[in-house]
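One structure is given below, encoded as structure tokens.
The values are calculated or read from the model by the stated rules, or taken from the named source; none is laboratory data. Small disclaimer: the values here were computed from a predicted structure and weren't measured. Heads up, the Cβs are rebuilt from the backbone with ideal geometry, glycines too, and the neighbour counts pull from every protein chain shown. Accessible surface is based on the protein model in full, side chains and every heavy atom, while ligands, DNA and RNA are left aside. Shrake-Rupley method; radii C 1.70, N 1.55, O 1.52, S 1.80 Å.
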Amino acid sequence: EIHERLVGSEMCIRDRRSLTPDHWRQMLHDMAAIGIDTLIFQQGTDAREGVENTRAYYPSANWPNPDWMRGKERLYSEIIEEADALGMKVFHAIYSMYWPDPATRTAEAITLAVRLLLELQELYAAHPSFAGWYWTYEYPPSSPAGRDALQKIVPAVRKLSEAPFLIAPNADRSMCATILQDIDVDIIAYQDSVGLGLSLIHISEPTRRS
């Protein structure tokens, strides 16, 4: 059942070294001015150099910040505070694109996701902008392995937080019609659907659980 349209934008701090906190604040104001009311952080961490060298974009006790964030340790928090002031909503990423493939290393993925979630929850769940969690890995709806992994990951997350759980899978022609029931997520924001001949309602509307 579709309840509402989510007008959002994905945020990626990675490699935006030249941007000052004022640049980020202006970016949020520009987004709000054109009607974007929801931000989705693509990743909360950078693991391009391996899990053991994970770097966090927020003030973390688990992982250090990237070197380029020296002097900008509160950048993530400042973005959240600006979203608070603008009445925007924020979904926080609880995985990294360069952490282990959840479909093949599910237990390890859950351990990492839980470590990340617990820190983000402590830091930001009480903020007015807090909207829930975003699963960074792009779950392919036609993949049984991806589905099976999320059937374990989502319950592990829900034990710690009942906040909405959002995924943004690559849409394909083999999309499962029962995806919500299969994996118990709250919001699906399909991406990369142009040219597939899918109906507009599938590619322009998020889907929520009843």
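What the table below lists for this structure:
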{"quantity": "Any chance T111 is touching a residue at least 24 places away in the same chain (Cβ under 8 Å) and either among the hydroxyl-bearing types (S, T, Y) or open to solvent by 60 Å² or more (accessible area, probe 1.4 Å) (or both)", "calculated": "no"}
{"quantity": "Q151 being open to solvent by 10 Å² or more (accessible area, probe 1.4 Å) and either at pLDDT 95 or above or closer than 21 Å to A32 by Cα (or both)", "calculated": "no"}
{"quantity": "One residue from A61, A47, A56, A145 being over 19 Å from D186 (Cβ atoms), touching a Ser or Thr at 6+ places or on another chain (Cβ under 6 Å) and surrounded by fewer than 21 Cβ atoms within 10 Å (Cβ to Cβ)", "calculated": "A47"}
{"quantity": "Residue within the stretch 127-144 that is modelled with pLDDT under 90 and small (G, A, S) present", "calculated": "yes"}
{"quantity": "Breaking point among (1) surrounded by fewer than 17 Cβ atoms within 10 Å (Cβ to Cβ); (2) in a strand (DSSP E or B), for L160", "calculated": "(2)"}
